[in-house]
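> One structure coming up, written as structure tokens, with questions to follow.
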Amino acid sequence: MAVMTYLEAIRETLRQELRRDDRMIIYGEDVGVRGGVFRVTEGLQAEFGEDRVIDSPLAEAAIVGTAIGAAINGLRPVPEIEFADFIFPAINQIVQEAARIRYRSNGDFGVPLVIRAPFGGGVHGALYHSQSVEALFAHVPGLKVVIPGTPYDAKGLLASAIQDEDPVLYFEHKAAYRSLKGEVPDERYLIPIGKADVKRQGNDLSIITYGLMVSYAQRAAETLEKEGISVEILDLRSIRPLDVEAILETAKKTGKVLVVHEDNLTGGIGGEVSALIAEHALFYLDAPIMRLAGPDVPAMPYSPPLEHAFMVTPDKIAEASRKLAKF
Amino acid sequence: MAGSDALYGLGVDANKIETMYYYMVLSRALDERMWILNRQGKSAFVISCQGQEGAQVGVAAALDPAVDWIAPYYRDLGLVLYFGMTPRDVMLGQLAKADDPSSGARQMPAHYGSRVHHILSGSSPVATQVPQAAGIAWAAKLRHQEGVVMTSLGEGSTNQGEFHEGMNFAAVHRLPLIIVVENNGFAISVPQSKEMAITDVAVRAQGYGMPGVVVRGSDLLAVFEATREARQRALAGEGPTLIEIKTHRFTPHSSDDDDRSYRTPEELKAEKKDDAIHLFRQWMIEQQLWDEQRDRQMRQRVTHEVNDATDFAEAALYPDPSTLLAHVYND
């Protein structure tokens, strides 16, 4: 078992899957010769050739639209959208087409497609290289949305996504690419889409989160432990479908829930998680559900003080947790 | 414009000519029946092929349904019939019945699709099928499959970004794709002069490094010839072709539209003189390939088929409400 960064885990999974399934192709802007702007696909074109790792025209609707057609005609496309912020020209193809083709054809057509996209801020990316767009897609039946929070999960979730018969959006946090490291088995393994994971056991309160915020919550939990507050962390891993059972279980266990995400507060995943708990576990709660999320501004500003003020940080998570614990 | 003089160089025989004529007549008759059902309150929505049958059947006849794929749009009744949809199939969709093969009656009528017939499922947002058709062609190329892909759309839809992105992608990868624009002069109510500053949509092909040709939709054999040439180019690895077919829409946009507010009866009357069905029949008779008696017999056969399809679909069951939640995902 090797220690890998989050980015390396994704790259090695792509390599393993390309070797395993000759129907799989990767394409997107700069993914070939350059190996991607973040180097996620570095070396893959050299190993698998220009027919399987392909530099595409700069046109997101075409990237996803052609991937839909290729998937329908027997390939396993894993296109990359260079930044999640640039996925919007492809929304028509993702939401109206990929998500609805199985339903609208009464099951005659399916679209096995994985769209990878780096997302998230804290990397001086400003408004258009920092966005979290997962809630927009999590609203759409027919799509699956996964966001790994560790290198281990990055591998198992990506392999599952590539094997899935339906369109999956796989969002990778840019700040996690090189900052997160962990042990990743060499052999192939699958993490089921729709299964959350308790990353830390605790008794006083539950933090329900995903993506980069999992590691931030862990740092907060370590601080809080020294203060005598025992925190449980539930990593959702899949935003759609949500693991309702795991969400209710941790809510019932600790009776206090803090939902954390970097995406905007209003209409974010936190609202859905809170509603589920309110509907099904209200009388187990000892405090109102609390949400900590990115503020409702259009996107993340560039200047460091503004960016920092936007970002959800370990300190902010610890502070919110203290308030909740005291309630 | 390409002409149809060289009939006997086209590789079509009398049987093929009769088949093409039959599909045009069948398409028109089915379409007319849909309007009757609509006005009887039995079908909520009709969107027509009327006026475009020559374009659709001329294209379809030059393709090979065994190996080729089509990604049509909602007017392409003639195309999907030629590719294997039956009148019963079409009427099941028209009357929103459970066994509609395109969508189980989830979509509005005319949103055709069938994997077994190589017809890509279509939606209502226009031009989305162009990059998808390019993707099917791309997979075919990478997998060394036989055959080509044809996608069609109206001229108004060529203003959408996905048309341009799909054209560009197909040209870059020299894909076996034929893009057919059925130019009927109107995007619902907006005439072509307000849709674009060019006369021929075909010139848009130049911007992507592919040939663009113009043919008249009422000249069935010219459409056939242009499509056959585009298919040969595609099979030879020479890439995509844009074919613009100048055609007509003899009906309002849909059963919910009233075209009297944006075009005069005189304009429509003039357009109806350029009807592929009528002109092709005349030509067949001149060529001594056809006569009035055979025409009557064929029309009787078509009427019978349309009646059968109507009766069959009227007697068929609606989908069970319990199926509402099925097929969101594979599981």
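Computed from the coordinates by the stated procedures, all read-outs in this text should not be read as laboratory data. Note that this is a predicted model, so its numbers are computed, not measured. Here the Cβ is made from the backbone with ideal geometry for all residues, glycine too, and neighbour counts use every protein chain on show.
> With the crude spin-label approximation of a point 7 Å out along Cα→Cβ, what separation in nm comes out for B:D64 versus B:V328?
4.3
> Running a GNM on chain A with Cα contacts under 10 Å, which residue among A:H139, A:H308, A:H261 ends up with the highest mean-square fluctuation?
Judging by the Gaussian network model, the answer is A:H308.
> With every atom except the alpha carbons ignored, what do you get for Rg and Dmax of chain A, in angstroms?
When restricted to the Cα atoms of chain A, Rg and Dmax are 19.4, 59 Å.
> In segment A:2-184, if the dipole is taken from +1 on Lys/Arg beta carbons and -1 on Asp/Glu beta carbons about the Cα centre, which of A:A46, A:G149, A:V78 is farthest to the positive end?
Of the options given, the answer is A:G149.
> Taking K and R as +1 and D and E as -1, what net charge do the other residues with C-beta under 12 Å from the C-beta of A:F109 add up to?
Net local charge, A:F109 excluded: 0.
> Hey, could you pull the Cα Rg and Dmax for the protein assembly as shown, both in Å?
Computed over the Cα atoms of the protein assembly as shown, radius of gyration and Dmax are 28.2, 99 Å.
> Same structure, new question: Could you work out the mean count of beta carbons from other protein chains within 10 Å of each residue's beta carbon in A:136-146?
1
> Could you list B:K16, A:K195, B:K269 in order of exposure, starting from the residue whose Cβ has the fewest other Cβ atoms within 10 Å?
B:K269, B:K16, A:K195
> For chain A, modelled as a GNM with alpha-carbon contacts under 10 angstrom, which of A:P89, A:P314, A:P305 fluctuates the most?
Between A:P89, A:P314, A:P305, it is A:P305 that shows the largest mean-square fluctuation.
> Over 10 Å intervals from 0, what percent of Cα-Cα pairs in segment A:272-327 sits in each interval?
P(r) over segment A:272-327, rounded to whole percents: 20, 37, 30, 12, 1.
> So if each residue of separation counts as 0.36 nm, and I subtract the Cα-Cα distance between B:Q206 and B:A236, what length gain in nm does that give?
Numbers: separation 30, 0.36 × 30 = 10.80 nm, distance 2.00 nm.
Roughly 8.8 nm would be gained on extension.
> Which whole-Hz ³J(HN,Hα) couplings does segment B:316-331 yield from phi under the Karplus relation 6.51 cos²θ - 1.76 cosθ + 1.60, θ = phi - 60°, glycine and proline marked x?
Result, rounded to whole Hz: 6, 8, 6, x, 6, x, 5, 8, 3, 8, 7, 6, 6, 10, 5, 7.
> Considering every pair of different Cα atoms, what Kirkwood radius, in Å, is found for chain B?
20.1
> Please list, or write none, the lysines whose alpha carbon is within less than 22 Å of the alpha carbon of B:K273, excluding same-chain residues fewer than 8 places away.
List returned: B:K246.
> Out of all DSSP beta bridges with both ends in segment A:197-326, state the antiparallel percent to the nearest 5.
20
> Restricted to Cα positions, what overall size does segment B:190-243 have along the principal axes? Three whole-Å values, descending.
The principal-axis extents, from largest down, are 38, 27, 12 Å.
> Given a cut-off of under 8 Å on Cα pairs at least six residues apart, what relative contact order in percent is computed for chain B?
23
> How big, in percent, is the set of alpha carbon pairs in segment B:52-145 lying more than 24 Å apart?
18
> State to the nearest 20 debye the size of the charge dipole of chain A about its Cα centre, where the only charges are +1 on K and R beta carbons and -1 on D and E beta carbons.
Around 480 debye, computed over chain A.
> Right, here's the next one. What FRET efficiency do you get for A:S179 and B:Y318 if R0 is 51 Å and r is their Cβ-Cβ distance, rounded to the nearest 0.05?
Values: r = 56 Å, r/R0 = 1.10.
E(calc), rounded to 0.05, equals 0.35.
> Right, next: Return the FRET efficiency for the residue pair A:T223, A:Q96: r is the Cβ-Cβ distance, R0 is 60 Å, and the value is rounded to the nearest 0.05.
0.85
> Hey, got the Cα dimensions of segment A:195-260 along the principal axes, in Å, largest first?
35, 25, 14
> May I ask for the Kirkwood hydrodynamic radius of segment A:42-124, worked out over all distinct Cα pairs and given in angstroms to one decimal?
Roughly 13.8 Å, rounded to one decimal.
> A follow-up question, please. Could you check the spin-label model distance between A:K326 and B:T199? Points 7 Å from the Cα along Cα→Cβ, value in nm.
Between A:K326 and B:T199, the simple spin-label model gives 8.0 nm.
> If you don't mind, another one. How many Cβ atoms of partner chains, on average, are near each residue of A:72-82 if near means within 10 Å of its Cβ? All intermediate terms of the calculation are to be shown ahead of the outcome.
Details: counts 9, 15, 6, 7, 0, 3, 0, 0, 0, 0, 0.
For peptide A:72-82, the averaged partner shielding equals 4.
> Report, for the protein assembly as shown, the % of DSSP beta bridges that are antiparallel, rounded to 5.
If we restrict to bridges inside the protein assembly as shown, about 20 percent are antiparallel.
> Highest mean first, what order results for A:269-279, B:48-58, B:63-73 on Cβ atoms within 10 Å? The partial results should precede the final answer.
Details: A:269-279: 18.4, B:48-58: 29.3, B:63-73: 21.6.
Taking the mean over residues of other Cβ atoms within 10 Å, the ranking is B:48-58, B:63-73, A:269-279.
> Using just the alpha carbons, could you tell me how many Å³ per residue the convex hull of segment A:108-179 encloses?
Measuring per residue, one finds 84 Å³ for the Cα hull of segment A:108-179.
> Still on this structure, please answer the following. Can you pick out the pairs among A:K226/A:K326; A:K199/A:K253; A:K155/A:K195; A:K252/A:K326; A:K144/A:K181; A:K199/A:K252 whose Cα atoms lie more than 22 Å from each other?
From A:K226/A:K326; A:K199/A:K253; A:K155/A:K195; A:K252/A:K326; A:K144/A:K181; A:K199/A:K252, over 22 Å: A:K144/A:K181.
> Please give the per residue volume of the convex hull enclosing the alpha carbon atoms of segment A:2-184, rounded to a whole number of Å³. If you can, show how the numbers build up before the last one.
On the way: hull volume 18.6 nm³, N = 183.
Expressed per residue, the convex hull around the Cα atoms of segment A:2-184 is 102 Å³.
> Ratio of alpha-carbon Rg to the 2.2 N^0.38 Å globular estimate for segment B:212-331, to two decimals, please.
Compared with the compact-globule rule of thumb, segment B:212-331 sits at 1.56.
> Give me the percent relative contact order of segment A:2-184, please, defined on Cα pairs under 8 angstrom at least 6 residues apart. Let's see the in-between values first.
Numbers: 378 pairs, mean separation 50.2, N = 183.
Computed value for segment A:2-184: 27 percent relative contact order.
> So for chain B: antiparallel DSSP bridges make up what percent, rounded to the nearest 5?
Antiparallel: roughly 15 percent of the beta bridges in chain B.
> Viscosity 1.306 mPa s, temperature 10 °C: give me the Stokes-Einstein translational D for segment B:140-213 in µm²/s, with Rh taken as the Kirkwood radius over C-alpha pairs.
Answer, rounded: 120 µm²/s.
> Hey, with R₀ at 30 Å, roughly what FRET efficiency would A:D296 and A:E319 work out to, going by the Cβ-Cβ distance, to 0.05?
Values: r = 19 Å, r/R0 = 0.65.
With R0 = 30 Å, the Cβ-Cβ based efficiency is 0.95.
> About its Cα centre, how strong a charge dipole does the protein assembly as shown have in debye, to the nearest 20, once Lys and Arg get +1 and Asp and Glu get -1 at the Cβ?
580
> Need one value for A:50-58: mean number of C-beta atoms belonging to other chains within 10 Å of its residues' C-beta atoms.
2
> Right, another one. What Kirkwood radius, in Å to one decimal, follows from the Cα pairs of segment A:244-311?
Final number for the Kirkwood radius of segment A:244-311 is 13.0 Å.
> Rounded to whole Å and ordered largest first, report the semi-axes of the equivalent ellipsoid of segment A:197-326 derived from its Cα gyration tensor (root of 5λ).
After diagonalising the Cα gyration tensor, the semi-axes are 22, 18, 13 Å.
> With unit charges on the beta carbons (Lys and Arg positive, Asp and Glu negative) and the dipole taken about the Cα centre of segment A:163-319, which residue among A:V244, A:N203, A:T266 sits farthest to the positive side?
Of the listed residues, the answer is A:N203.
> Once both labels are modelled 7 Å past Cα along the beta-carbon direction, what's the B:T19-A:L248 spacing in nm?
A separation of 5.9 nm, rounded to one decimal place.
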